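One structure is given here, and the rest of the page talks about it.
The values are calculated or read from the model by the stated rules, or taken from the named source; none is laboratory data. Remember, it's a predicted structure, so these values are computed and weren't measured experimentally. Here the Cβ positions follow ideal geometry from the backbone for every residue, glycine too, while neighbour counts run over all protein chains shown. For accessibility, only protein heavy atoms count, side chains too; no ligands or nucleic acids. Shrake-Rupley method; radii C 1.70, N 1.55, O 1.52, S 1.80 Å.
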Amino acid sequence: MSESLSSIRSNQTGYAESLPVQVAVLEAGTVTVSDSKGNVIKQIETGELPLDEASADNVKVMDLGIIPAGEYLIRSGEESRKLKVEKDPWQEVTNALIKGLYFQRCGCELEEKHAGIYKHPACHTAPALEWDNKEVKKYVIGGWHDAGDYGKYVGPGAVTVAHMLYAYLLCGKGCSEELNIPESGNGVADILNEARYELEWLLKMQREDGAFYHKLTKDHFAPFIMPQDDKEQEYLMPVSHCATAAASACLALASRVYADIDKEFSDKMLDEAVKAYEWLENNPEFIPFVNPEGVRTGMYGDRNVTDELFWASCELYAATGDEKYKNSAEKYYSDDMNLWSYGWADVSGLGAICCLFEIGEKGGSVLYTGLKEKFIDTCKKIAEISGNSGYGTALPADRYIWGSILPIMGNAMSLIMYELLTGDSSFRSAALLQWNYALGLNALDISFVTGFGERRVMNIHHRPSGSDGITEPVPGLISGGPNNRMNFPQNKERLANVPPAKAFLDELPSADTNEIAIYWNSPAIFVGAFFSSLCKQ
Ligand code: 9MR
Ligand code: ZN
């Protein structure tokens with residue numbers, strides 16, 4: 001982006017009256033906040049602005065403290081920016097992030113009464129063929145489109161649902177509102193209604209022997225057309241260990257969450273989770289998933305299944321109490337696991353959440369005491385990374401990967417869980433900086449959530465948004481954000497000398513920086529749910 005950006009960076013959706021107002025300032029001197037009558041209510045000096053490695057900006061986070069609800073002006077040097085403080089400023093964007101998944105629904109019509117101008121007829125309703133045996137035809141309709149493409153992938157779907165279910169379990173007060181989706185009003189929180197749409201599909205992705213197909217996609221990505229116009233053959237791609245273990249974990253978790261809501265559904269999920277786990281036990285030889293010859297859709301080629309097995313063992317232990325799973329979880333757990341990792345490739349963190357919040361003391365010295373100690377240690381490191389960043393971003397300069405929003409939101413999740421676990425709120429402000437990052441407090445002065453913020457992403461790599469003829473993209477979707485580690489050849493040169501935190505193009509073809517994905521929305525839902533829950537007190 002070439003235009004000159006404001007020297008004040010802020011959460012463009014506003015701030016909460018009960019939490020400190022954090023902004024980043026790029027001009028040394030005095031920062032003032034004045035109320036609508038022009039009275040200066042705060043004044044602070046920035047002091048020297050240190051150089052931020054990830055952005056190459058001289059910038060500093062300024063904590064303006066608690067500011068009562070109202071409309072204000074922040075001033076720094078010649079520049080000023082509006083500041084809005086409210087009681088509960090983030091419920092709407094959190095709701096939109098959940099509803100973003102509704103907009104990803106496949107296999108059903110998105111009716112105008114729920115989808116408004118983003119309505120469209122049902123898509124991908126034809127039967128799928130097994131890639132390995134094209135004689136086998138199955139109806140596998142439903143689930144969410146993964147991202148900007150129309151593929152549906154088991155592992156990514158499983159982690160997305162898990163983020164949402166844990167958001168509900170741990171921060172339910174901030175994510176339980178009605179969202180105007182088809183199931184609204186049925187007595188179940190809409191976040192659970194929405195997650196169930198994916199769970200029902202996940203169940204269809206299981207083969208009779210218990211294994212899960214890795215994905216349901218075509219052999220190539222569709223062009224930028226609406227989903228209902230994408231009519232080429234979809235295939236059930238070969239089964240994989242990682243998909244099977246992730247699905248087993250997710251279904252076991254879901255069986256607990258839905259137990260009081262729908263016993264039959266819950267029992268079914270637990271049965272299938274156990275069946276998947278048995279398949280894994282009976283097929284111990286790990287075969288990494290690689291796209292079969294001629295297939296070019298997303299690979300999600302995870303090369304390590306230990307973390308998925310760990311997560312599945314934890315969830316099955318939590319769901320059944322059977323010591324067999326505890327023993328397995330202990331076997332798969334190791335000291336060098338990335339307990340802060342909640343993404344499709346490494347799900348160790350999801351196993352950790354299960355241990356910390358569900359299994360608890362029953363986990364004993366390995367799965368509880370030891371793991372907790374290590375988790376707390378990790379959180380301290382994350383807070384330090386945030387502290388060393390000019391924008392407070394909890395991501396080292398060399399970690400701006402494809403979908404950098406995931407580790408950033410993931411790190412916020414860890415910091416939040418530290419507080420939920422210990423009752424100590426010392427990392428709350430570091431967690432809040434990540435939420436503020438997503439909504440505009442960043443090196444790009446951009447809100448990464450569609451539909452929110454005065455300078456928001458507009459040209460996301462998302463087929464419906466790019467082909468529906470509507471200027472505004474589908475709302476409530478979060479962009480993957482800056483990436484300088486794995487760029488498309490055509491972007492490589494343009495981004496070559498750009499600092500990592502700015503390696504971003506708000507351009508439709510830039511899937512490597514500006515795609516959306518269900519499993520990027522979901523950790524943001526968790527974070528939004530936590531901060532919205534704080535605003536309810
Ligand atoms: O999220 C995935 C990211 O971690 C990988 O680096 C990237 C390249 O392999 O792929 C991302 O996943 C994409 C998937 O393969 C297909 N659907 C869109 C996903 C988001 O960009
Ligand atoms: Zn579809």
Just checking, does region 363-372 include any residue being free of Cβ contacts under 8 Å to residues at least 40 places away in the same chain and charged (D, E, K, R)? no
Cβ-Cβ under 7 Å, sequence separation 6+ or interchain: first residue in region 480-504 and touching a residue at least 24 places away in the same chain (Cβ under 8 Å) and closer than 16 Å to I460 by Cα, partner open to solvent by 70 Å² or more (accessible area, probe 1.4 Å) and part of a loop (DSSP other than H, G, I, E, B). Which pairs? G480/W402; N483/W402
Any residue that is more than 27 Å from S532 (Cα to Cα) and either in contact (Cβ under 8 Å) with a residue 40 or more places away in the chain or within 13 Å of ligand 2 (Cβ to nearest atom) (or both) - is there at least one of those in region 181-200? yes
Determine if region 120-131 includes at least one residue that is over 30 Å from I416 (Cβ atoms), hydroxyl-bearing (S, T, Y), free of Cβ contacts under 8 Å to residues at least 60 places away in the same chain and within 16 Å of ligand 2 (Cβ to nearest atom). yes
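Answer yes or no: is there a residue in region 149-164 that is assigned to a loop (DSSP other than H, G, I, E, B), within 16 Å of ligand 1 (Cβ to nearest atom), of a type outside the set (D, E, K, R) and open to solvent by 10 Å² or more (accessible area, probe 1.4 Å).
Of all residues in region 149-164, those assigned to a loop (DSSP other than H, G, I, E, B) come to 149-151.
Next cut, within 16 Å of ligand 1 (Cβ to nearest atom) only: 149-151.
Subsequent filtering for residues that are of a type outside the set (D, E, K, R) retains 150-151.
The next check asks that each one be open to solvent by 10 Å² or more (accessible area, probe 1.4 Å); those that pass are 150.
So far as region 149-164 goes, yes, one or more of its residues are assigned to a loop (DSSP other than H, G, I, E, B), within 16 Å of ligand 1 (Cβ to nearest atom), of a type outside the set (D, E, K, R) and open to solvent by 10 Å² or more (accessible area, probe 1.4 Å).
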W435 assigned by TED's automatic domain parsing to the domain that holds M409, within 28 Å of I376 (Cβ to Cβ), open to solvent by less than 20 Å² (accessible area, probe 1.4 Å) and in contact with a strand residue (DSSP E or B) (Cβ under 7 Å, 6 or more places away or on another chain): no
Helices (runs of 4 or more DSSP H) within region 441-537 that include 3 or more residues open to solvent by less than 10 Å² (accessible area, probe 1.4 Å) and aliphatic (A, V, I, L, M): 518-534
Taking region 1-19 and keeping only residues that are open to solvent by less than 30 Å² (accessible area, probe 1.4 Å), in a loop (DSSP other than H, G, I, E, B) and not small (G, A, S), one is left with N11, Q12, T13, L19
In region 208-220, anything in a loop (DSSP other than H, G, I, E, B) and within 13 Å of ligand 2 (Cβ to nearest atom) is listed as K218
Quick one: S386 ticks every box in (1) in a helix (DSSP H, G or I); (2) open to solvent by less than 30 Å² (accessible area, probe 1.4 Å); (3) within 20 Å of G172 (Cα to Cα) bar one, so which box is it? (3)
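Here's the yes/no breakdown for (1) within 28 Å of P509 (Cα to Cα); (2) in contact with a Leu (Cβ under 8 Å, 6 or more places away or on another chain):
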{"residue": "K113", "(1), (2)": "no, no"}
{"residue": "H120", "(1), (2)": "yes, yes"}
{"residue": "H124", "(1), (2)": "yes, no"}
{"residue": "G148", "(1), (2)": "yes, no"}
{"residue": "G155", "(1), (2)": "yes, no"}
{"residue": "A158", "(1), (2)": "yes, yes"}
Name every residue in region 338-362 that is in contact (Cβ under 8 Å) with a residue 60 or more places away in the chain and assigned to a helix (DSSP H, G or I), in order of residue number. G349, L350, G351, I353, C354, L356, F357, E358
Show the residue pairs that are 6+ apart or on different chains and have beta-carbon atoms under 6 Å apart, the first residue being within region 90-113 and more than 16 Å from ligand 2 (Cβ to nearest atom), the second being open to solvent by 20 Å² or more (accessible area, probe 1.4 Å) and at pLDDT 95 or above. V93/F452; N95/E177; A96/P475; E112/K119
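One line per residue, one yes/no per condition, for (1) under 30 Å from Q91 (Cα atoms); (2) not polar (S, T, N, Q); (3) not assigned by TED's automatic domain parsing to the domain that holds I74:
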site	(1), (2), (3)
Q12	yes, no, no
V21	yes, yes, no
A24	yes, yes, no
V33	yes, yes, no
G38	yes, yes, no
T46	no, no, no
L49	no, yes, no
V59	yes, yes, no
Going through I41, I67, I74 one at a time, which residue ends up being touching a residue at least 12 places away in the same chain (Cβ under 8 Å), farther than 23 Å from L444 by Cα and open to solvent by less than 40 Å² (accessible area, probe 1.4 Å)? I67
Which one of the conditions (1) of a type in the set (A, V, I, L, M, F, W, C); (2) within 14 Å of ligand 2 (Cβ to nearest atom); (3) more than 24 Å from the chain's Cα centre (by Cα); (4) open to solvent by 30 Å² or more (accessible area, probe 1.4 Å) does V140 fail to meet, given that it meets all the rest? (4)
When the residues of region 21-38 are filtered to those that are among the small types (G, A, S) and in a strand (DSSP E or B), which remaining residue is surrounded by the fewest Cβ atoms within 10 Å (Cβ to Cβ)? S34
Of those in region 201-212 that are in contact (Cβ under 8 Å) with a residue 60 or more places away in the chain and open to solvent by less than 40 Å² (accessible area, probe 1.4 Å), the residue nearest to S533 (Cα to Cα) is W201
Checking the condition aromatic (F, W, Y) and either in contact with a Leu (Cβ under 6 Å, 6 or more places away or on another chain) or modelled with pLDDT of 95 or more (or both), which residue from F488, F530 passes? F530
Within region 77-132, the residues that are in a strand (DSSP E or B), within 25 Å of the chain's Cα centre (by Cα) and of a type in the set (A, V, I, L, M, F, W, C) are L110
